[in-house]
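First up is the structure itself, then whatever we jot down about it.
The values are calculated or read from the model by the stated rules, or taken from the named source; none is laboratory data. Everything numeric here is computed off the predicted structure, so don't read it as measured data. In this analysis, Cβ positions are derived from the backbone assuming ideal geometry, glycine residues included, and neighbour counts consider all displayed protein chains.
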Amino acid sequence: MVAILVLFTIILCLTIDYFAERAKLRRAAPAPDTAIPRPLSVRAPVDLTNVPAGIFLGPGHSWMELEPAGQVRVGVDRLPLVLLGQLDEIDAAPAGTELRHGDRLALLRQGDKAIEVKSPVDGRVSAVNTDLTPERLAARPFGSGWIVRMEPRELGAALRRLHVADEARTFLRNELGNLRDFLAGLSLAGHGSVAMATLPDGGLPVEGLARRLSAEEWQELTERFF
């Protein structure tokens, strides 16, 4: 009887030891690799999809706001400002300039990187915002951050090309998704400038990203998004 009890005790101890070792190995095992890399996240210090009521947003990230007298104010949304970081220069088309939809209305520059702001409407520039500074534009890109005032032509056709309210926010969310995919593609292709910008958790900072990209990468980005 004593021998059976001793044998049972040994078997019980071995069983407990087996399951304890198994649990230890399971905790120490590395996470399995996956064939598909995790998409990189796009970060920004502000909500880039926040568009005030009454703002019409263009595909090139310029915006237009109607004024009671029939003119329009034109500016740029937050995405190009965050990508460039602190601006060195805002070069706007002078008053009297005749523009067609898609013509360069202003140039935003930071160092050797720049983004062209395209006119969302045909018309003539009637005024330039002389109170606008890079700091004011970064702080309030809508409203008082307008760049030029225009006398529009074919306004109805222009409005049909633009996004407003929920449609504008949806457009910006899609653009951020496309930007994330674009940056992930650069990183996976082995572009060192983007890899250096990768955070430990796999994210990519957006603010001032222009400084991280080569001239070729930046040109590709601006051609796709602006």
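Laid out as a table, the results:
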read-out	value
Region 152-206: number of residues that are modelled with pLDDT of 85 or more, small (Gly, Ala, Ser) and crowded, with 18+ Cβ neighbours inside 10 Å	2
Count - residues of region 212-226 that are surrounded by 15 or more Cβ atoms within 10 Å (Cβ to Cβ) and either modelled with pLDDT under 90 or farther than 17 Å from residue 61 by Cβ (or both)	3
Residues of region 125-142 satisfying the condition of being surrounded by fewer than 17 Cβ atoms within 10 Å (Cβ to Cβ) and not polar (S, T, N, Q)	127, 131, 135, 136, 139, 140
Any pair with Cβ under 7 angstrom, 6 or more apart, that starts in region 141-154 at a residue that is touching a residue at least 12 places away in the same chain (Cβ under 8 Å) and ends at one that is hydroxyl-bearing (Ser, Thr, Tyr)	149/126; 150/126; 151/126
Options 92, 127, 114; residue that is at pLDDT 95 or above and in contact with a Leu (Cβ under 6 Å, 6 or more places away or on another chain)	114
Unique match (being farther than 30 Å from residue 219 by Cβ and out of contact with any Asp or Glu (no Cβ under 7 Å at 6 or more places or on another chain)) among 116, 151, 135	151
Residue count, region 77-113 (criterion: among the hydrophobic types (A, V, I, L, M, F, W, C) and either outside any helix (DSSP H, G or I) or more than 16 Å from residue 225 (Cβ to Cβ) (or both))	10
Hits in region 103-113 (condition: over 12 Å from residue 150 (Cα atoms) and either of a type in the set (Asp, Glu) or touching a residue at least 40 places away in the same chain (Cβ under 8 Å) (or both))	103, 106, 110, 111, 112, 113
